[in-house]
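The values are calculated or read from the model by the stated rules, or taken from the named source; none is laboratory data. Everything numeric here is computed off the predicted structure, so don't read it as measured data. Cβ placement follows ideal geometry from the backbone for every residue including glycine, while neighbour counts extend to all protein chains displayed. Calculation scope for accessible area: heavy atoms of the full protein, side chains included, ligands and nucleic acids excluded. Shrake-Rupley method; radii C 1.70, N 1.55, O 1.52, S 1.80 Å.
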Amino acid sequence: MKGNQAIAEAAIRCGCDGYFGYPITPQSEVLEHLMAERPYLTTGMVVLQAESELASINMVYAGAAAGKRVMTSSSSPGFSLMQEGLSYIAGAELPALCVNVVRGGPGLGTIQPSQSDYFQTTKGGGHGDYRLITLAPASVQEMYDFVELGFDLAFKYRNPVAILSDGVIGQVMEKVMVDDYKPRWTNEYIEETCPWAATGHRSTGKHRIVTSLELEALKQEAINDRIQAKYRKCEEEDARYEAIQCDDAEYLFVAYGSAARICMKSIELARAEGIKVGLVRPITLWPFPTKAVAEIGGRMKKILSVEMNAGQMIEDVKLAVDCKIPVEHFGRYGGVIPTPVEIVDALKKIIK
């Protein structure tokens, strides 16, 4: 199946309660697959095409406030419209899942794949001091797997999670290993495990308020302290990466998603010419695998950050190695996909 279809199928099978979204290329197959499968008849999952991305993210906010496993998906311009809602969800400390299948920009740009939403997603695209836990799939199988992982992390930290994909992974077709259907959480289970959820005071006898508003500065600072402590814990426990052919490498690619897949072929081509190069693939873009990049990158002569943008992740790579190792950038943007040969040529240039 396509990567976008894998997202939808995973949502149905992992016990998701609701999807609220709006079609936009190149992620429309997520909504189309869910509509075609009609999961409300089998699992009870609600699927709704909202009137806009603004509406869909606020429906997610409401569902998350009730302790439900809810999600949305979009592509770059639509994801931009969701930023205020994501900040509200983070401020209210609610779990939610948002998928961004990135296309070229800025503006309406193109429908071709890009990685130009890295800054927006990993640095907090809305207002306030918040973060999106960000997963970067590099295969259709990971598109599937990261849905349940995303929900697990969202509820662990009571924070929105983003799956940052692109038009390559969203549209490519590959075999996928799927799981058996898992039941949706019962109201009793939500009441037991999510004591913050607004489940209705008539049944619980408890009056709960979900909000991101606090008008007293000192109280708002205390809320921020609590949120930042969660982020520090996430950085310690849930930074993920993959290291490929790094043991004997003298040079290093750092790339994620579809760019990392292309780098795999570049490694093969470079090593055939005697250039020992490896790859670190961040799986979580936030928290960025800083310690791994520092440890592995610190052994290298030079590092090439390969991205389908004008240079965004390179800043985190430079910070990771404390600017002690030369770090250069190679990228194509606007929807252009780099070739393995182009990446090898860029590596040869920085070697010279």
(request) Considering every residue within the stretch 279-286, establish whether at least one is of a type outside the set (Gly, Ala, Ser), touching a Pro at 6+ places or on another chain (Cβ under 7 Å) and open to solvent by 60 Å² or more (accessible area, probe 1.4 Å). (result) no
(request) Considering only the stretch 204-240, state which residues are assigned to a helix (DSSP H, G or I) and among the small types (Gly, Ala, Ser). (result) 217, 222, 229
(message) What pairs come out if I take residues in the stretch 37-64 that are at negative phi and pair them with residues that are among the aromatic types (Phe, Trp, Tyr) and open to solvent by 80 Å² or more (accessible area, probe 1.4 Å) whose C-beta lies under 9 Å away, six or more apart or interchain?
(response) 42/181; 43/181; 46/40; 47/40; 57/88; 58/88; 61/88
(request) Taking residue 349 as the residue in question, decide whether it is assigned to a helix (DSSP H, G or I), out of contact with any helix residue (DSSP H, G or I) (no Cβ under 8 Å at 6 or more places or on another chain) and crowded, with 19+ Cβ neighbours inside 10 Å. (result) no
(request) Look through the stretch 56-83, keep the residues that are open to solvent by 20 Å² or more (accessible area, probe 1.4 Å) and of a type outside the set (D, E, K, R), and return whichever of them is nearest to residue 114 (Cα to Cα). (result) 77
(request) Out of the residues in the stretch 16-55 that are over 15 Å from residue 100 (Cβ atoms) and among the acidic types (Asp, Glu), state the one that is most open to solvent (accessible area, probe 1.4 Å). (result) 51
(request) Quick one: which residue in 58, 100 is in a helix (DSSP H, G or I) and of a type outside the set (A, V, I, L, M)? (result) 58
(request) Select from the stretch 237-264 the residues that are open to solvent by 10 Å² or more (accessible area, probe 1.4 Å), in contact with a strand residue (DSSP E or B) (Cβ under 6 Å, 6 or more places away or on another chain) and either at pLDDT below 95 or closer than 20 Å to residue 153 by Cβ (or both) and list them in ascending order. (result) 239, 240, 241, 242
(request) Please work out which one of (1) closer than 23 Å to residue 185 by Cβ; (2) not in a loop (DSSP other than H, G, I, E, B) is the condition residue 68 fails and give its number. (result) (2)
(request) Could you list, in sequence order, all residues of the stretch 194-236 that are touching a residue at least 60 places away in the same chain (Cβ under 8 Å), more than 25 Å from residue 288 (Cα to Cα) and surrounded by 11 or more Cβ atoms within 10 Å (Cβ to Cβ)? (result) 194, 196, 197, 198, 199, 210, 212
(message) Would you confirm, using the coordinates I've provided, whether residue 110 is in contact with a Leu (Cβ under 8 Å, 6 or more places away or on another chain) and β-branched (Val, Ile, Thr)?
(response) no
(request) Return yes when residue 268 is in a strand (DSSP E or B) and open to solvent by 20 Å² or more (accessible area, probe 1.4 Å) and no when it is not. (result) no
(message) Quick check on the stretch 288-311. Is at least one of its residues without any contact (Cβ under 8 Å) to a residue 40 or more places away in the chain, out of contact with any helix residue (DSSP H, G or I) (no Cβ under 8 Å at 6 or more places or on another chain) and within 22 Å of residue 123 (Cα to Cα)?
(response) yes
(message) I need the helices (runs of 4 or more DSSP H) fully contained in the stretch 111-199, keeping only those with at least 3 residues that are over 30 Å from residue 331 (Cβ atoms) and of a type outside the set (Gly, Ala, Ser).
(response) 140-157, 187-193
